[in-house]
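> Let me give you the structure first, and then I'll get to my questions.
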Amino acid sequence: MRETYCFKIQADLIIRLADEFNTTQTTISVAMVALLLHRYTLKSNAVKLIAGENQLTIVAGEKTFESIVSSIHVKDANVIVFNLPISSTIQPASFTSHRLSLNTNQKYSDKSNTTYRYQLTFSNINLDRKTASDFCNAFQNLVEYLGSNTHMARFLSYGQLMTIPLLSKNTIIESPRSLAVTELSNTSTIYDHFQLVASRYPSRICLQQKARDPFTITYSECIKCVDHLTSILKDEFALKKTSLIGLWMDNSFEYIICILATFKLGAIFVPLDTKHPAARLELIEKQSLLNIILTNNSILPASIHVPMFNAPRVRINVTMNKELEIEAFQNTTSSCTDSLSELKQRATPDAGYIIFTSGSTGQPKGVLIEEVNLLNMALSQISFFDIQISDVVAQFASICFDASLSEIFMALLAGACLAIFDSSMDRVGMRFIDALNQLCITVITLPPSLLSTIDPRQLPYIRIVVSAGEPCPRQLGQKWIGCHRRFFNAYGPSEVAVCATIYEFDEKNQLSTIHGETLPIGTLIDNLCARVVDSQLNDVPAGMPGELVLGGVGVSRHGYLNSAQDKVFLAWQEKRWYRTGDLVATVASNHTIFSYLGRKDSQVKFYGCRIELNEIEMAILRCPHVTYCVVILHNCGHCKNDQGAIVAYVDGSTTVESIREYLSQILPSYMLPTYIIRMLVTNLPSTLSGKINRQLLSIDKTIHDEHIHNTSLTNVENKLAVLWRELLRDQCDHITNQQLKNRTIAQLGGNSLTIALLHNLIAERFAAKICIHAHMVLNEMATLLSQHDNNDHISYESMMKDLNDDESEIGLKNINSDFRPSLSNQISTMLLTGATGFLGSFLLHELLTTTSMIVLVLVRANSLDEANNRLKSALIKYDLFDNITQEAINNNNEKRVQICLCENLTNENQVGFGFSFNDDQWSQIDAVLHCAADTNFNATYNQLRHVNVLFTKYFIRQCVRYSIPLYYVSSLSIFLFSDNKDSSLRIRETDQPHLPSIIGGYSQSKYIADMLVLRSLRKDLQGAIFRPGRITGSSTTGIGTNEDLFVLMVRGCYKLGAYPHLTFPFDVTPVDLVSKSIVTIIRHQHSLVTSNLLPIHLINTQTIPFDEQFKLLCRSGCSTNELEPLPYNEWLTKLLEQIKMDQQRRSPRFNPLLPLIPFLQSPFWQNVHRWPVFEPTNNLDAILDRPPSELFEIYRHVWKRHGFF
């Protein structure tokens, strides 16, 4: 789709700006567009834009307009093409395909003046005409403003530029409907409306309660109870208008009657949840300055014996005779009557309520809502949902959530029946379904997470379903309307009286208004208005993302009880507005309908409850002996439901049990963390800027390991537990051996340093060297140790068994002379494994940028969302997520990257390895590029066998069965070390490695897989074997993996100040050149037909002695001090001594080589003098030739940027 918009700008404005900055008109135009793109795509940090051949970075708050202009260097061309980035956390619906071109420098003259004619073309961008028109108007206004103020334009900062109003008028979105003014006049109250309804339907059932079924109350009986309670509160307790009444009870008849009595009095009620801890309730009472607290029989013992409150308490009970029992209890402290003046000093509020929400400062915050706000919401909902007197409305929500008021008054003000459910009742299962059917519920309001568990066919009476509290998936709405129910998605903050927008999802509007996987939040309810603004409160163009600001009747007139928190309330154009902190955009087909994009702060919705994660963090930090805490909303494939879990990562010397006990006393149950993980802050993942990487924590699967069933310990496990306790000390003090059994070193706060020290202790105490890691549980480690004596024999036996498998096991007997398929046809669909790895990411990028193939990517994950995130994260990590890869992954119409889920399986007997294709799917695959491998140098053959050998066997079998060429990525490490007595041996592509001389589980597993593929190729299976050398960072960007042996050795030796004096030939083979060679050879398939299918060696022909890399490190300027060359054993001793000293000092920074200690202590390094020389390949597409000195010059910039030196 291509849309073009033209407009004119006075030439003298552009010329004046160009002269002021001594640059071209094109450069000025590019700077303007770049600023607008940054402003209207909500980029809060750095934004990279590619304009032609020029890459421009704009950083919020750091640059003046002059510095932005001076950083742009574009050729003076007529057309500049911008490729827009999409790496922000909030994806605007408007910019989904990310290409915009600017046609400038077309000068026209008319009678009055000379103008420039601009032409903006949006290619494949989901924009409607109003949005694009607003963008063009903003461009014109920006030019006119700066062109008319050239003297100050030079000094304007980014922040000042963002405050310039760029739209000709402020855009206020009004509700498409409004209630009659008389309905909301000051003389009309909620109780007046209720009385009117009761007079019309006196004998209709008003209230029924599941716990008291079949006990019901009619409208006339309800009026009688309310009148009775009101007179008692007025006459005996001197309550009056604006008195503050606490309601400390559960969902019940009494609660409804107390609310109605409060409104009749003109008073203000404050819900006090019976499930909240005492400390929180006391805090709410202190902030609210309550005059009285009303309770019912459900908490009678607590109200007598627990003196939590200062205000007097009164018990209310509705008897079976529909009469009220009222009993007062003697108060032990003074009343709050005198203190009430403190609240009144702010203003004189009308009747209403105070609802407390989770606060970002660590304290709950109370907002005062008046009855006119609530009345407007209730009448609007009745009209939107078309509530009838025959309806039975379910009341599920706890009284501490204002959603309960929506349920209550949409029923009572419409003459319907309100069915009250105990808030503790489970919302899932047949018991819940039976309860809904028993009471003939017709209207329900639930969060999407609960609605998704219900089968609509089991609820024949339901006619209206309201989803609220969380983003609503589109599929959920389709499920309900497919069963002929009316389905609504509602949205609203507590500060705007519960509900602000409503969207009805039906068959008619599915295609016209819905984009993405979640439903819009809809149009404004009656008498509300809205603006969508940027960070400086300027209106954004229609359809662009921005913060939703709400105004009108629903907005709280008095705000929060603590006026210091009122910054989110604004006064503008004689109206009061509330900044929601929610990011929205209007949908393209109707700019009165909003789509929800996400939150600006740390507030989340969890099971429909609004929670500030900061409040939980603050509470945990107040816990004794806690030094650090980060709380995230976690959601990975292991979570039992779509809601995920609240996870707290805590550093400190206290126990998880102590933290839980402390939190239970101050936080309500819905805010208690699902998991509490004790972990050193130094072990938490961080971003490049050093901040805690909350995104990675949100998908950390290890949190689930802590909840595996525990059993008693074996003798070996007991001995290992002693070692764990020696190293982890405080972390294990309060954990039993049974609890320790299924925990990992990482969960207990250990790290790579702990593992290295544990490895040495095991070698010392057990005379055994085993390969361990931080995420291995105690019983796994014990099992490995128990098998140690037979490990070598078992590994060799496994290798020989795998190598000598009968041909029928991998299907080779099925190959006949007619098997070889033609390779002349172009490959259309490629199956790629290992795409989230280092080389695999570059292979995927090369396939997408140099071919037109569709790539099926096999990703190990528990869900498609997790797999998609893993793939994108890998591409972003290696700076490969450019426009081509973005479009290939995100373009739903022509998606070239198709993710195939491979579940996290570890059982070698599970055929299919966590994924399966049917015959039709295999028939669509033209070739398999198998790159996936476990590259753990510390692991044994048996530990690597499943991924590196059995997985390869599986692909051989499938490729033979379906006549698919197989391209296998092996390694030159299979020649380490050949049976030669010196280093003069030269390895050719035709040579074969010798198994008994190969050292290390990784090399052994790659050798077995290599031989199996080679045997298959010689049996006429099509394909090739690629054997790369030591793969390093890109030859262009220098970006590579920071965890491989090459980088860790350089960093570790730099920290140590010494390097091992070894001179074997060391190759530095850039990953981009390897991936390019592999894809080029696959594309040139005809060359493979005549090459006798030799394995292809991919290695930089220019090698250097191993110790030369450390000299290059010094010459490149990374190290100012000369590093000391040492014999290998002396160097290793020095390294171990440094690590031991770091442990004793409890240093947070340890040597990067620490994780490789087991490998560095292995026999491998005693044999490096036998390192062979690899002869250059005969394949012209595979020749790699780059001087290592040039590569080091490129790498050093990346290393310095990462702070390695």
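> What is the distance in Å between the Cα centres of segment 1127-1189 and segment 222-274?
Here the answer is 76 Å between Cα centres.
> Karplus couplings for segment 238-252 from phi (6.51 cos²θ - 1.76 cosθ + 1.60, θ = phi - 60°), rounded to Hz, Gly and Pro as x?
6, 7, 8, 4, 6, 5, 10, 10, x, 10, 9, 7, 8, 4, 5
> If the limit is 20 Å between Cα atoms, which of Lys701/Lys1140; Lys275/Lys701; Lys224/Lys322 go over it? It would help to have the intermediate numbers written out before the result.
On the way: Lys701/Lys1140 31 Å; Lys275/Lys701 31 Å; Lys224/Lys322 9 Å.
Pairs exceeding 20 Å: Lys701/Lys1140; Lys275/Lys701.
> May I pose another question? Report the full-extension gain for the segment Thr150 to Ser698: residue separation times 0.36 nm, less the Cα-Cα distance, to one decimal in nm.
Working: separation 548, 0.36 × 548 = 197.28 nm, distance 4.80 nm.
Taking 0.36 nm per residue and subtracting the Cα distance, the gain is 192.5 nm.
> Taking amide H positions as placed 1.01 Å from N in the peptide plane, with prolines and chain starts having none, which residues 5 or more places from Ile987, or on another chain, fall under 5 Å of its amide H?
Val1173, Phe1174, Glu1175
> Please give, to one decimal in nm, the separation of the simple spin-label points placed at Lys8 and Glu1175, each 7 Å out from Cα toward the Cβ.
For Lys8 paired with Glu1175, the spin-label model returns 7.6 nm.
> For Leu1184, which sequence-distant residues (separation of 5 or more, or a different chain) have an amide H within less than 5 Å of its own amide H, given hydrogens modelled in the peptide plane?
Here Ile1099, Thr1101 satisfy the definition.
> Going by amide H atoms built from the backbone, whose H comes under 5 Å of the H on Asn562, apart from near neighbours?
For Asn562, the qualifying residues are Gly366.
> Say R0 is 35 Å: what FRET efficiency, to the nearest 0.05, do Ser220 and Gln458 get from their beta-carbon distance?
Details: r = 35 Å, r/R0 = 1.00.
For R0 = 35 Å, the calculated efficiency reads 0.50.
> Right, next: What are the ³J(HN,Hα) values, in whole Hz, obtained from phi via the Karplus relation 6.51 cos²θ - 1.76 cosθ + 1.60 with θ = phi - 60°, for each residue of segment 188-200 in sequence order, with x given for Gly and Pro?
The phi angles translate into 9, 10, 4, 5, 4, 5, 5, 4, 4, 5, 5, 5, 7 Hz.
> Something else about it: Determine one quarter of the surface area of the Cα convex hull of segment 1105-1201, which equals its mean projected area, and express it in nm² to one decimal.
Result: a mean projected hull area of 8.9 nm².
> Let me ask another. Each residue of segment 393-399 in order: what ³J(HN,Hα) in whole Hz does its phi give by Karplus 6.51 cos²θ - 1.76 cosθ + 1.60, θ = phi - 60°, with x for Gly and Pro?
Using θ = phi - 60°, the values come out as 9, 7, 10, 9, 4, 5, 5 Hz.
> Now for a separate question. By how many nm would the segment from Ser828 to Gln1161 grow when fully extended, if each residue of separation counts as 0.36 nm and the alpha-carbon distance is taken off?
Computed gain between Ser828 and Gln1161 is 115.2 nm.
> Could you give the length gained on full extension between Cys483 and His1197, defined as 0.36 nm per residue of separation minus the Cα-Cα distance, in nm?
Result: 251.0 nm gained on full extension.
> How far apart, in nm, are two points set 7 Å out from the Cα along the Cα-to-Cβ line at Ala564 and at Ser67?
According to this spin-label approximation, the distance is 3.4 nm.
Read the figures in this text as sums done on the coordinates, not as results from a lab. Predicted model only: the values in this text are computed from it and were never measured. Positions of Cβ are generated from backbone atoms using ideal geometry, with glycine treated the same way; all protein chains shown enter the neighbour counts.
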